[in-house]
Each structure stands twice: as C-alpha cells, then as structure tokens.
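First up is the structure itself, then whatever we jot down about it.
The values are calculated or read from the model by the stated rules, or taken from the named source; none is laboratory data. Computed from a predicted structure; not experimentally measured. Cβ atoms come from the backbone with ideal geometry, glycine included; neighbour counts cover every protein chain shown. These accessible areas exclude ligands, DNA and RNA; they are computed on the full protein's heavy atoms, side chains included. Shrake-Rupley method; radii C 1.70, N 1.55, O 1.52, S 1.80 Å.
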Amino acid sequence: MRHKLTLLLLLAGLSTKAQQTLEIVVENPLKTERNDMPVVIDLTKYGHVSRSVVRLDGQEIPSQLDDLNLDEEVDELCFLANLAPKQKQIFHVELYDEGEQSPYPARVYTEMLMRNDKVKEKNKHNNFVASLSVRGDCANSYNLLHHHGVCFESELNGIRIYFDKRQTLDLYGKYSKRLELQATQFYTSKEQKEQGYGDDVLWVGNTFGLGAFRGWDGNSPTMIEPVKTRTQRIVSYGPLRTIVEVVDQGWRPSEDLLAVNMTLRYTQYAGHRDTDVDVYFNRSVDKYKFSTGIINVKGSVDFSDHKGLRACWGTDYPSTDTINWKPETVGLAILIPSKNIVSEEKATKDNYAFVVETADKQLSYKIAYTSANEKFGFPNSDAWFEWLQQWRREVEHPIKVTVNH
C-alpha cells in the first residue's frame, strides 16, 4: 500500500499545474524549407524552472533546459522547429517549478575524459570529467585529457578542441548520420572501421584547423599564451544542443596590452553541421586585434565572398603516418560578421585568415565542415561552395520568434 501511495504522489506531482504557460510563435521568412531550427527562450525572468513541456498541434516535442552560468538555476529553454517555406507555427510551452525534465532521445553528445592508464583500448577510457583547469605553466596539458580535449558532435559532425595553447578544432568525418563519439572516442578501432564508423579526417598542426580563435601580432596569428589558467568544461550535455567552453584566464595577447579573461563558447545543435562560436571578454578589447580562419588544406581550392564567408576544399593525410591512414577530403568554412572584420589576409601555406576586432566585450561567428566520406554530403567543391552560400542566406535571415504570455 505504501508503494502505491508513493506512486500516486509522484504522478500527482507530475500533473501539477504549470507555473507559467507561454505561446511561442515561430515564423520562417524564407521561401525554403528550414529543419531543426533552434528556438531559444530566455527564462531568467520566470523564476525557478525545473521542467518544461513543449507542444505543437497538441503533440509533445523534445525540449531542453540549460543552466548557462552553472548556478543551479535554468537560464534558457531550447527546442527545434521544422518549418515549410514561409510557414508560421505556434508552440505552447508549460514551465514547472517541480519535477524533472523528460529523458528525450539524445541527438548530440559531448564528453571529457582523463586518461586511464589501466585501459589499453583507446576507445574505452572511462575517467569522465566535466571540467579541468590547469596553470599556465602546465608542462603538457595536451596529454592530460583523452583525445586531447573536450569533444562534441551532432549526427552530422564531430569536433575535439585541443587542450593547449593552440586550442585548435580537429575534425571527425562520418559515413552515416548518427552519433559515434561515445563508441569511438575519436580513436576508431579496426573493427569499428569495418562496421562503417568514421574517424579523424584532418591534420591541423599549428594551423587554425576549423576556426580556432587566436591573437594577432600585426603579421601573423599568435597562440593563446601566456595565461594564468586554462580551462575546458561542459556546460550542457543535450539532448538537443551541447555547449562546451574554453576559458583562458589572464591571457596577455601582447606586452603592451592588459591581460584579459576570455571565454570561448561552442554550441552544437542537433541536425546541424555548423557550430556557433561565441567569444566573451571580461573587459573592453576595442584596442586589441585577433585572428581566426581555416587551415589551408593541402592542394585545396578556396572560395571567398569577401564579406566574411571563406571556405576551402582539399585532400591530405590526417596523420603523419601515411601507411595506416588514407588521404581524406574535407570542405571547411567560416562565417564572420562583416562588422568584426579588420582584414581578409592572403592565403599562406598554413591558413586562410581573417584579422578581427570587436568594439564590445563579445563577438560571434560560425564554422562548418563536411567530409567527402559522408553518404549524405557533397560530391565536390562546387556543391560545397553552393551550399555555403545558402547557409549564409539562412544565417542572415533567421527565423522570427515571438513570445506571448
């Protein structure tokens, strides 16, 4: 009888009246279909929220609550919308101050792992961590974390960020649309390769890789050093978006400038091959110059609209081991708001670079890539560059979101 009473009380708790109800109107301004479009609602003015239910036409759809500043209070609600050309949809949101979020199917994944010397198989390490900080004089932070840094993915992509002064983004190429990094940990076994799993597809060295953020000395990019401390952390695990951050405390880009604290936030949405990059500083950096861009992949052809969209398509070995690895073809791209661009630099043997600045304490840009291994991807550079121009058009014409109480 006691167990039945407990069950009834739990059910009653889940059926309590919503603390807040919202009507969210989402509109597609373009004459093209838009799928998995992120709808993000600021919840900070609605008090304590522990559970959300989002419905479209009476049917519940997955939603996500995120605590962005890690203070144990929810800051944002996220859900994804699929919109026909010029379509308007109305979503109904219920916010509860009790209960737990429903366990919706995961469409993104992220992990950080400390090395476990007792585990011999490179794809089965299990020392999971949520955050790691090191001092600036740490001798070898690159080898502290398994797969050398935090990693994250959607069904279409997979990225790891090196935990060192480079903070480079390295890439994982897939054959099929699915989540794989939990199984492969960026070190795909021979058996997994035979089963169709993807693998590392890019050699990055000291280059930008895909959109790493760096300093600028007037002639070339500079690494993120010296720093007092360097941190990687996971802010959100999903299921619809994952958020990871790299924090550089006390970074001094040059001797004549004050040290700054910089936070790089990477947001990966389900169903997307592009990734949002937000850069935050603790003080004004209007006198500073920075750089970002993409690696000049060996033998690549490049594209630029000279308005912030720059891309390439090329083929190279992803490792110095050319016996056990095959050449990989990738397409890379970066999209930077024109207001932040100081100059588009000439290509070097390493990079296609931009010099950037911000009059605020923040700037944002987007990155995207494709692997020619993808069965769902692009057959050649022309198709990749064509998609990027459509991508830019969608970025410049976001969906319209209206919140009605």
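Worth pointing out:
- Each stretch of four or more DSSP H residues adds -39500 (n - 2.57); spread over every residue of the chain, this sum gives -2500 deg cm²/dmol at 222 nm.
- Estimated at 0.36 nm per residue, the fully extended path between K361 and N143 surpasses their Cα-Cα distance by 75.3 nm.
- Between the Cα long axis of helix 2-14 and the first principal axis of the chain there is an angle of about 70°, rounded to the nearest 10.
- Centroid-to-centroid, using Cα positions, segment 37-111 and segment 317-394 are 30 Å apart.
- Violating pairs (Cα-Cα greater than 22 angstrom) within the set K174/K349; K122/K174; K174/K366; K118/K177: K174/K349; K118/K177
- Cleavage-rule hits, trypsin sites (Lys or Arg not before Pro), segment 279-346, DSSP coil, Cβ neighbours within 10 Å at most 11: R283, K287, K346
- Candidates L169, L30, L309, ranked by Gaussian network fluctuation over the chain, Cα under 10 Å, top entry: L30
- For segment 91-104, 3J(HN,Hα) per residue [Karplus equation, 6.51 cos²θ - 1.76 cosθ + 1.60, θ = phi - 60°, Hz, x = Gly/Pro]: 9, 10, 10, 10, 10, 10, 9, 9, x, 10, 5, 4, x, 5
- Per residue, the chain exposes 47 Å² of solvent-accessible protein surface, assessed with a 1.4 angstrom probe and all protein chains in place.
- Calculated FRET efficiency, D256 to H405, Cβ-Cβ distance, R0 = 41 Å: about 0.20 to the nearest 0.05.
- Over 21 Å between alpha carbons, listed pairs K287/K339; K124/K326; K165/K228: K124/K326
- Solvent-accessible area of W391, all protein chains in place: 10 Å² (probe radius 1.4 Å, heavy atoms, ligands and nucleic acids excluded).
- Förster-model FRET efficiency, 41 Å R0, D117 and E23, C-beta, rounded to 0.05: 0.15
- Its relative contact order, with pairs defined as Cα atoms under 8 Å and 6+ residues apart, puts the chain at 15 percent.
- If R0 is taken as 30 Å, the Cβ-Cβ distance between N126 and S319 corresponds to a FRET efficiency of 0.75.
- Ordered from highest to lowest accessible area with the whole protein assembly present and a 1.4 Å probe, Y280, Y187, Y365 read as Y280, Y187, Y365.
- Of all lysines in the structure, the ones whose alpha carbon falls short of 27 Å from that of K45, not counting any fewer than 8 places away in one chain, are K17, K88, K361, K400.
- Inter-label distance for A106 and E60, nm, one decimal - labels placed 7 Å from Cα along Cα-to-Cβ: 2.1
- Note on segment 245-325: with neighbouring protein chains present and a 1.4 Å probe, carbon and sulfur make up 45 percent of its accessible heavy-atom surface.
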